[in-house]
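The values are calculated or read from the model by the stated rules, or taken from the named source; none is laboratory data. This structure is a prediction, so every number in the text was calculated from the model and none was measured. Neighbour counts are summed over all protein chains in view; Cβ atoms, including those assigned to glycine, are modelled from backbone coordinates with ideal geometry. Note: accessible area is taken over every heavy atom of the protein model, side chains too, but ligands, DNA and RNA are not part of it. Shrake-Rupley method; radii C 1.70, N 1.55, O 1.52, S 1.80 Å.
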Amino acid sequence: ASSSTLLSNRAAAYMMLGWWDQAQRDTRAALRKDPDNQRALERHGRVLLAQDQLDDALRVAADLEARLPEEQRKDIPLSIRRLRRLAGAAREPQTLEACRALLSEFGSKAELVSPLGFRLRRGGGGG
């Protein structure tokens, strides 16, 4: 396996542990070694989302979409749609129910205690 793949996989492990800074460091390093590593870029977007860096997460989602072959752009993968939707919706949830709906989409306990998860559990605001 390439060093980019190894770094991306280690980032995934850090993400499961909720070690967002370490995960971000490894996704950045993976992308420096191989800018075309789609998996590392997707993980980088998820890390940015968890860290409540929503504009950056949206830029990554746009970059992932732009890299899709033309014939795939009609059927954007769920992971990219989810990243774009959560980053957009998490900006300013208007109600407690909107916060709860966003939290219900988090896939792990680590995401729930991330900076974004913490803000949403407090009731939204900021971002």
Query raised in the report: In whole Hz, what ³J(HN,Hα) sequence does region 109-119 give by Karplus (6.51, -1.76, 1.60; θ = phi - 60°), x for Gly and Pro?
Result: 4, 4, 5, 5, 9, 6, x, 5, x, 4, 4
Query - Where N is the number of residues in region 54-127, Cα Rg divided by 2.2 N^0.38 Å - result: 1.19
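As a test of the formula, what do you get for the chain when each DSSP H run with n ≥ 4 contributes -39,500 (n - 2.57) and the sum is divided by the residue count, at 222 nm and rounded to the nearest 500 deg cm²/dmol? Working shown, then result.
Working: 8 runs with 88 residues, N = 127.
Result for the chain: -21000 deg cm²/dmol, rounded to the nearest 500.
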Report summary line: Residue-ordered couplings for region 19-28, obtained by feeding phi - 60° into the Karplus form 6.51 cos²θ - 1.76 cosθ + 1.60 and rounding to whole Hz (Gly and Pro as x), are 8, 5, 5, 5, 5, 5, 4, 6, 5, 5
Report task. Hey, could you get me the Stokes-Einstein D for the chain, Kirkwood radius over alpha-carbon pairs, 10 °C and 1.306 mPa s, rounded to whole µm² s⁻¹? Result -> 108 µm²/s
Query raised in the report: How would you rank 45-54, 28-37, highest first, on the average number of other Cβ atoms within 10 Å across their residues?
Result: 45-54, 28-37
Query raised in the report: Length gain on complete extension for the stretch residue 70 to residue 97, per 0.36 nm per residue less the alpha carbon to alpha carbon distance?
Result: 6.0 nm
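If I take R0 = 22 Å and measure r between the Cβ atoms of residue 33 and residue 13 in this structure, what FRET efficiency does the formula 1/(1 + (r/R0)^6) give, to the nearest 0.05? Before the final figure, lay out the partial values.
Details: r = 18 Å, r/R0 = 0.80.
That gives a FRET efficiency of 0.80.
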Query raised in the report: With every protein chain present, what accessible area does residue 92 have (1.4 Å probe, heavy atoms only), rounded to the nearest 10 Å²?
Result: 110 Å²
Report summary line: Whole-Hz Karplus couplings 3J(HN,Hα) for region 41-47, θ = phi - 60° and coefficients 6.51, -1.76, 1.60, Gly and Pro as x, run 5, 5, 5, 4, x, 5, 5
